[in-house]
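One structure is given below, encoded as structure tokens.
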Amino acid sequence: MHKQLTIGLFGFGVVGEGLYRVLQQTPSLNASIKKVCIKDASKKRNAPAELFTTDKDVLLNDPEINVIVEVINESEPAYQIVTTALNGGKDVVSASKKMIAEHLTALLELQEKTGRSLLYEAAACASIPVIRNLEEYYDNDLLHSIKAIVNGSTNFILTKMFDENLDFKQALILAQQLGFAESDPKLDVEGYDAVNKWTFLLTHAYGIIEAPEKILFNGIQHIHGGDASVARARNQQIRLVAQAQKLQNGKVAAFVLPQFIQQDDHLAFVKNEYNGVVIESGFADKQFFYGKGAGSFPTASAVLSDIAALRYQYKYEYKKLYHHKPHQLTNELYLKVYVSFTDWKFIPRDEFEWIEEWHAQEERKYLVGVIAFSKLQEQNWWRENETSLILVPEPIIEETATRDLRKRSLELAGIV
């Protein structure tokens with residue numbers, strides 16, 4: 001028996017209005033919006049005026065409303081809405097990645113306490129159903145790795161830098177003009193949006209709960225035109241890649257950093273505002289999910305999917321957290337990195353295990369070397385002075401392999 005869904009909607013921006021339109025075109029869903037809470041009552045909207053209110057309690061205290069959909073931009077108000085709704089016996093659908101990432105532990109406890117459902121597929125990769133697949137399809141012990149492009153704004157900028165030879169500032173302005181980047185683009189271009197999403201995707205993939213600031217990350221703000229030229233010369237591209245990989249010691253390495261990728265890599269095909277996810281498991285090998293990571297209807301489609309699932313009282317089971325032994329993050333690994341910079345004085349060469357390449361060009365210099373993951377966690381030189389750190393295509397080197405690789409690298413360099 002399908003549950004009748006009566007919706008209270010918070011927010012009527014790009015996603016909220018998109019959901020309103022989509023629901024009008026799907027009458028078979030047996031779901032309707034009763035009331036929409038907005039901040040500015042004077043703003044003209046493409047819906048009947050009687051649908052709107054500025055009083056959140058009208059929605060939260062209405063006994064007929066059994067689903068709250070929250071698609072606002074502010075993290076703390078979103079958290080208050082979600083917690084009040086769950087405590088009030090209502091199911092919730094949210095698209096607020098920052099709110100979920102920052103309050104994940106409390107939200108997990110609240111779901112356990114109330115027995116209500118909180119679904120948030122739209123917060124991850126918009127139109128790509130990655131959370132549901134991680135929950136329902138991939139067994140914890142068989143999931144080897146997951147890597148993804150989860151931010152459409154940065155991917156659009158990088159695409160334009162490669163396909164149209166724009167520099168970073170030109171590509172950013174174009175992204176802002178087309179609505180793919182905010183007037184203040186910091187959350188996107190500096191990697192905050194991507195690491196927020198990666199925080200709860202790690203929970204669904206590996207049962208890991210970690211604060212966003214504890215995950216190693218950076219954005220694309222220091223990617224230079226010269227870096228793109230190096231990538232082209234190597235028949236590679238640059239993407240902002242979120243990734244997690246289970247190591248031989250059973251722990252998980254996870255980070256969000258720019259990376260060179262080969263032309264035949266699945267993520268090389270992910271351009272402009274699209275997102276892509278590659279999941280590798282024991283028996284299914286690699287599976288690739290691809291779709292729009294931003295926009296009104298793509299994001300609304302994910303919200304709609306969550307609403308549809310509530311007809312069957314669907315809940316995230318958090319299988320990797322509650323029904324398996326959760327994995328642990330580790331910093332016991334090394335990364336092979338490309339670093340471009342303006343002056344050697346900004347680069348602590350002694351911190352590298354070894355350096356395989358170094359090139360001095362007129363304006364910028366670059367090196368390729370291996371450095372301990374923990375040193376990047378502890379230090380900030382690679383985020384400063386317009387220094388650009390980009391991972392190589394296969395960046396992870398486990399501790400057990402470093403001794404042999406170091407010896408081989410020194411032999412190749414003619415040092416031993």
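Read-outs: derived from the displayed coordinates by stated rules, not from any lab. Keep in mind it's a predicted model, so treat the numbers as computed, not measured. Ideal geometry is used to build each Cβ from the backbone, glycine not excepted, and the neighbour counts take in all protein chains shown.
Some observations on this one:
- Bridge type composition, the chain - antiparallel percent by DSSP, nearest 5: 70
- Two-site FRET efficiency, E356 against E213, from Cβ-Cβ distance with R₀ of 25 Å, rounded to 0.05: 0.20
- Residue-by-residue Karplus 3J(HN,Hα) for the stretch 180-186, coefficients 6.51, -1.76, 1.60, Hz, glycine and proline x: 8, 9, 6, 4, 9, x, 3
- Using R0 = 45 Å, the C-beta based FRET efficiency linking Q176 and S32 works out to 0.80.
- Span per principal axis, largest first, for the Cα atoms of the stretch 58-138 (Å): 37, 26, 23
- Straightening the chain between F269 and E136 buys 45.2 nm, computed as 0.36 nm per residue apart minus the Cα-Cα spacing.
- Residues of the chain were split at every exposed loop site, defined as chymotrypsin sites (Phe, Trp or Tyr not before Pro) in a DSSP loop with at most 10 other C-beta atoms within 10 angstrom, and the longest piece left, sites excluded, is 1-282.
- Of the GluC sites (Glu not before Pro) found in the stretch 171-211, those that fall in a DSSP loop while having at most 15 other beta-carbon atoms within 10 Å are E182.
- Estimated FRET transfer efficiency (K325, K345; beta-carbon r; R0 30 Å; 0.05): 0.05
- Cα long-axis angle, helix 152-163 against the chain (0 to 90 degrees, to the nearest 10): 40
- Compared with the dominant Cα axis of the chain, that is its longest principal axis, helix 75-87 is turned about 50°.
- Inter-label distance, nm, simple model (7 Å from Cα along the C-beta direction), D184/D285: 4.8
- Each semi-axis of the equivalent ellipsoid for the stretch 227-354 is √(5λ) with λ an eigenvalue of the Cα gyration tensor; in descending order they amount to 34, 23, 14 Å.
- Relative frequency of Cα-Cα separations exceeding 16 Å in the stretch 182-234, percent: 55
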